[in-house]
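Q: This structure is in structure tokens; I'll ask about it shortly.
What follows draws every value from the coordinates through simple rules; no lab data is involved. This one's a predicted model, so the numbers in the text were calculated from it and none came from an experiment. Cβ: placed from backbone, ideal geometry, glycine included. Neighbour counts: every protein chain shown.
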Amino acid sequence: MNKNMSFKKSQSGFTLVEIAIVLVIIGLLLGGVLKGTELIENAKVKRGVGEINGITSALYAYQDRYQRLPGDDGPTAVITPRGGAWTTLTGGDGNGIIAGAGFAQTFNPGGEGQFFWQHLRAAGFISGDPLSVGIPSLPRNAFGGLIGLVTVAVGAAPTISGSVVCLSQVPGKSAAAMDTQMDDGNGNTGKMRGIVGAVGVNTNPSAAAGPAIYAETAIYTICVQM
């Protein structure tokens, strides 16, 4: 009898209290993981907004200092006497327009579109090597994509134009959050526009209509009028 009783005791499972405790612990762990993921996403959104505002502030600060647009500032004989990194850079034509910053060159810049980033760095308004050219000259954004400049009309009418800063590879949920914080939450209206992209691709902006509602599972290039 004693042997049978010992055998039965050794085969007993978890009690309801023990199972409940395990389930509570699992719930807490899952909740912590999900909350951590949400915090990371929110931090990226905040950083993305800061990047746009930072480039905008740098543009205005440059204009205040030199009374010219970065990238268009020049000719070369005007900027090289400033010394430092300026001595090896090329100036623009000084006509008040940042040329060479069309759709195709947003994320592969050339001409004054490339000089734009070089001039801002030489002036100390953004970090990085002023001598970088092409794609390496572009800052990386919070989402792993690039930050580019476009100076032709973006989106459907009424378009945004002038100096427009764009961030590539932005997840739909983050794009929606940024648009809500900075504009009207609609990717087809206001000062921020959304262009559907693809994972791992720096999709150039366009003159096409954007999404009225951002799809959370999609990837976007977002552009904001400075």
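Q: Within the chain, how many lysine pairs that are 8 or more places apart, or on different chains, have C-alpha atoms less than 16 Å apart?
A: 4
Q: Checking understanding here: applying a Kyte-Doolittle mean of at least -1.0 and a length along the axis of at least 20 Å (C-alpha), which whole DSSP H helices in the chain pass?
A: Going by DSSP H runs, the hits are 16-66.
Q: For the chain, set up a Gaussian network in which alpha carbons nearer than 10 Å are linked by springs, and say which option among ILE195, ILE26, ILE160 fluctuates the most.
A: ILE26
Q: About the Cα centre, and with charges only on the beta carbon of Lys, Arg (+1) and Asp, Glu (-1), how big is the dipole of segment 49-103? Nearest 20 debye, please.
A: 140 debye
Q: Continuing with this model, one more query. For segment 42-183, what is the Kirkwood hydrodynamic radius in Å, using each pair of distinct C-alpha atoms?
A: 15.5 Å
Q: Here's something else I'd like to know. Lys/Arg Cβ at +1, Asp/Glu Cβ at -1, dipole of the chain taken about the Cα centre: which of ALA142, GLY187, GLY100 is farthest positive-ward?
A: Of the candidates, ALA142 comes out farthest on the positive side.
Q: Another question, then. Which value at 222 nm does the chain reach when only helices count, each DSSP H run of 4 or more adding -39,500 (n - 2.57), with the total divided by all residues and rounded to the nearest 500 deg cm²/dmol?
A: -13000 deg cm²/dmol
Q: Given charges of +1 on the Cβ of Lys and Arg and -1 on the Cβ of Asp and Glu, with all other atoms neutral, how large is the dipole of the chain about its Cα centre, in debye to the nearest 20?
A: About 980 debye.
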